[in-house]
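The values are calculated or read from the model by the stated rules, or taken from the named source; none is laboratory data. This one's a predicted model, so the numbers in the text were calculated from it and none came from an experiment. Please note: Cβ atoms are built from the backbone with ideal geometry, for glycine as well, and neighbour counts cover all protein chains shown. When the accessible area is computed, the model is the full protein with side chains, heavy atoms only, and any ligands, DNA or RNA have been set aside. Shrake-Rupley method; radii C 1.70, N 1.55, O 1.52, S 1.80 Å.
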Amino acid sequence: MLDVRINSFSEYKKAYRESVENPEAFWDNIAEQFVWRKKWNKTLSYDFSKPEFKWFEGGQLNITENVLDRHLEKDGNKTAIIWEPNNPLEESRIITYRQLHAKVCRFANVLKNNGIKKGDRVCIYMPMIPELAIAMLACARIGAVHSIVFAGFSSSAIASRINDAQCKLVVTANEVYRGEKPINLKGIVDEALKDCPSIQTCIVYRRALEPTLMVGGRDKFWMDEMAKANADCPAEQMDAEDPLFILYTSGSTGKPKGMVHTCGGYMVGSAYTFDNVFQMDANDIYWCTADIGWITGHSYIIYGPLLCGVTTVMFEGIPSYPDFGRFWEIVEKLKVTHFYTAPTAIRSLAKQSLEFVEKHDLSSLKVLGSVGEPINQEAWHWYNDYIGKGNCPIVDTWWQTETGAIMISPLAGITSTRPTFATLPLPGIQLMLMDENGNEIETSTEKAEGRLAIKFPWPSMARTVYGDHQRYKETYFSTFENAYFTGDGAYRDAMGYYRITGRVDDVVIVSGHNLGTAPIENAINEHDAVVESAVVGFPHDIKGNALYAYVILYDEFEPSEQLIKEIKDEVDQSIGAIAKPDKIQFVKGLPKTRSGKIMRRILRKIASGESDFGDTSTLLNPEIVEDIKNNAL
Ligand code: WTA
């Protein structure tokens, strides 16, 4: 826990004011809470036009000394991670800070023994097991840059990420358990590595006893390597601005963007936000149900909680296995006090019989959190009434892979909550709402609605898109002058509370996962029968949004169930099951502007069952709209 926590609403207001009046002094004060090998000599330098942002320049540190070493003396025997397996009959694992430190150091030496040096990129493609946390922290220990790829992505999605970052080594497991049947992760990696010349070594953790095919000279078992490695590994001294990790996120073109986060700023941002938003006591038990393959898992399963020295739960399985009471069973079993999940999970659990909730004792809970997409009224109230029993503040946290840490959220028990509102920005975060013409909307008396931007840098912001700074500039810093554009729409009420309305670009949030429509269209177009396709989101009860694909076939092909299956398989293979469209409609054409641009606005309306399309007469092919609508699914 940090010593600069905000403890009341008046302290919040004071901190906010100070953070705007003198941002450098504000962040200095927070950064001083950490262990630095050498103090920074300049808090911030920035230039929105380049764009370039540097925080704590000249500062030297290693984040793992803050995550691990600094806790050893006082809290070495405190539990850092409680791991809960997919199968409730299997034993949980309890890992103290001291044990985690030891394992991280040893695995850091494994990486070194396999030729990994400071600055090298390491891909981690693993299930939710403690070894995933160990591998990521081991990278940070030696200054290697981790690039974690969610273990639900397909082999070609891994390959493109490995190649983009030119990773030298990949860490994986032989199997992953999520629900009933194991999935052969190593097989997926083998397939990916056929196209990854930069990979020299693949380290395989044996999650299951199944026989595992190993490629000679390349593949090594985790256990064998650990047995050979030295226990002692001093932390590499890093520059505050050195990269800590790359994490890929979807964009509106086909290629995912490798967002680069830095050692110093990310450390300060993830810990400061964790501490203030969740307001934990020393012996509380915190559980975030996200996967470490996403930013939420990076910042709020591993770095934020461990930097603050608390106990964090890692869960391997899924909310529905062995039944829909699993989350609540774990809350009861581990006496979880702080529970952080996604609206899509809440909605799917709210659909089940209340017995799944009621048979468990949830009285340990103090704070609930929500992340990843807007939370609707029904889900908010269900969460509040049945899980929190009306006693737990709900922190609806708005942020992004790019922001590295929470930007807008209530501080639990300190600032007010309000259903469906992420509420107020954290001190240090200067938001603005922009109108159609790119002007800031400054009204504070009534409801203001616009696009959300951030007008001052913050420490945990991503510094670039790996290997493509131009794309970083175009995506985030070209829409508005001297500001970061989030890609989200929002409105603000008279009290200054923000409510996020959703994406305003070609990214769709499905079950809390950020999916670009372009790569899905590319995958569909790979099918021999497909001329062209367009993918849009439409509202879905549980997933928040689901995907609707409009597909044009070559004349010689007839629509069929078989084709639908094959098209879904294309998406599954190219990206992963999460990106499979719920609905596929075969169409004769797509509505286009005269310059040939697909009018997605109209397709979104058709997919949502709306019929007011506005003026379609300027389209190249207005007649197609009626035709698509009449055959809509
Ligand atoms: C959406 C996840 C409403 C938003 C941390 C954002 C939210 C995108 C919320 C980033 C929230 C995230 N309320 N919408 N509390 N949190 N979003 O990069 O559209 O996976 O731009 O980061 O999720 O998704 P990402």
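Per-residue answers, yes or no, for (1) touching a strand residue (DSSP E or B) at 6+ places or on another chain (Cβ under 7 Å); (2) within 15 Å of the ligand (Cβ to nearest atom); (3) open to solvent by 10 Å² or more (accessible area, probe 1.4 Å):
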residue: G388; (1), (2), (3): yes, no, no
residue: N391; (1), (2), (3): no, no, yes
residue: V395; (1), (2), (3): yes, yes, no
residue: E402; (1), (2), (3): yes, yes, yes
residue: A405; (1), (2), (3): no, yes, no
residue: S409; (1), (2), (3): yes, yes, no
residue: P427; (1), (2), (3): no, no, no
residue: L431; (1), (2), (3): yes, yes, yes
Of the residues in segment 266-317, those that are open to solvent by 10 Å² or more (accessible area, probe 1.4 Å), within 16 Å of the ligand (Cβ to nearest atom) and without any contact (Cβ under 8 Å) to a residue 60 or more places away in the chain come to T289
Among the numbered criteria (1) open to solvent by 10 Å² or more (accessible area, probe 1.4 Å); (2) farther than 23 Å from D75 by Cβ; (3) without any contact (Cβ under 8 Å) to a residue 60 or more places away in the chain, which single criterion is violated by K335? (2)
Keeping to segment 588-633, report how many residues are assigned to a helix (DSSP H, G or I), of a type in the set (A, V, I, L, M, F, W, C) and open to solvent by 90 Å² or more (accessible area, probe 1.4 Å). 0
Those residues of segment 19-33 that are part of a helix (DSSP H, G or I) and either of a type in the set (A, V, I, L, M) or farther than 24 Å from N66 by Cβ (or both) come to a total of 5
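Answer with yes or no whether V531 is away from the ligand (no atom under 11 Å from the Cβ), at pLDDT 90 or above and not acidic (D, E).
On the way: away from the ligand (no atom under 11 Å from the Cβ): yes; at pLDDT 90 or above: no; not acidic (D, E): yes.
Answer is no for this residue.
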Is it true that G537 is buried (at least 24 other Cβ atoms within 10 Å of the Cβ) and over 20 Å from V625 (Cα atoms)? no
Give segment 390-438 a look and list any residue that's under 24 Å from the mean Cα position of the chain (by Cα) and not in a loop (DSSP other than H, G, I, E, B), or say none. I394, V395, D396, T397, W398, I408, T423, P425, L431, M432, L433
Considering only segment 338-351, I want to know if a residue exists there that is open to solvent by less than 50 Å² (accessible area, probe 1.4 Å), more than 15 Å from the ligand (Cβ to nearest atom) and of a type in the set (S, T, Y). yes
Which residue, of N41, N62, N22, N29, is of a type in the set (S, T, N, Q) and under 18 Å from T273 (Cβ atoms)? N29
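Quick check on this structure: which one of T501, T517 is modelled with pLDDT under 95, open to solvent by 60 Å² or more (accessible area, probe 1.4 Å) and closer than 30 Å to W380 by Cβ? Reasoning before the result, please.
Working: T517 fails: open to solvent by 60 Å² or more (accessible area, probe 1.4 Å).
T501 is the lone residue from the list that is modelled with pLDDT under 95, open to solvent by 60 Å² or more (accessible area, probe 1.4 Å) and closer than 30 Å to W380 by Cβ.
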Subset of segment 501-536 [under 19 Å from the mean Cα position of the chain (by Cα) and of a type in the set (D, E)]: D505, D506
Yes or no: segment 175-183 includes at least one residue that is modelled with pLDDT of 95 or more and crowded, with 23+ Cβ neighbours inside 10 Å. no
For segment 370-386, how many residues are more than 9 Å from the ligand (Cβ to nearest atom) and not in a loop (DSSP other than H, G, I, E, B)? 10
Out of (1) away from the ligand (no atom under 12 Å from the Cβ); (2) among the aliphatic types (A, V, I, L, M); (3) open to solvent by less than 20 Å² (accessible area, probe 1.4 Å); (4) not in a helix (DSSP H, G or I), the odd one out for I524 is which? (4)
Checked against (1) more than 20 Å from T249 (Cα to Cα); (2) within 16 Å of the ligand (Cβ to nearest atom); (3) surrounded by 18 or more Cβ atoms within 10 Å (Cβ to Cβ), Y548 satisfies every condition except (2)
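Between K13, K54, which is of a type in the set (K, R), without any contact (Cβ under 8 Å) to a residue 12 or more places away in the chain and open to solvent by 50 Å² or more (accessible area, probe 1.4 Å)?
On the way: K54 fails: without any contact (Cβ under 8 Å) to a residue 12 or more places away in the chain.
The unique qualifying residue is K13.
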What are the pairs, 6+ residues apart or on separate chains, where a residue within segment 487-503 that is under 11 Å from F421 (Cα atoms) has its Cβ under 8 Å from a residue that is among the aromatic types (F, W, Y) and within 6 Å of the ligand (Cβ to nearest atom)? Y498/W398; I500/W398
E449 being open to solvent by 10 Å² or more (accessible area, probe 1.4 Å), more than 16 Å from the ligand (Cβ to nearest atom), free of Cβ contacts under 8 Å to residues at least 60 places away in the same chain and out of contact with any Pro (no Cβ under 8 Å at 6 or more places or on another chain): no
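Kindly state which strands (runs of 3 or more DSSP E) lie completely within segment 76-172 and contain at least 1 residues that are surrounded by fewer than 20 Cβ atoms within 10 Å (Cβ to Cβ).
Numbers: elements: 79-84, 93-96, 121-125, 145-148.
Answer list for segment 76-172: 79-84, 93-96.
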Taking segment 538-559 and keeping only residues that are at pLDDT below 95 and of a type in the set (G, A, S), one is left with G544
All positions within segment 344-369 that are assigned to a loop (DSSP other than H, G, I, E, B) and in contact with a Cys (Cβ under 7 Å, 6 or more places away or on another chain): L365, K366
When every residue in segment 465-484 that is open to solvent by 30 Å² or more (accessible area, probe 1.4 Å) and β-branched (V, I, T) is compared, the one farthest from the chain's Cα centre (by Cα) is T479
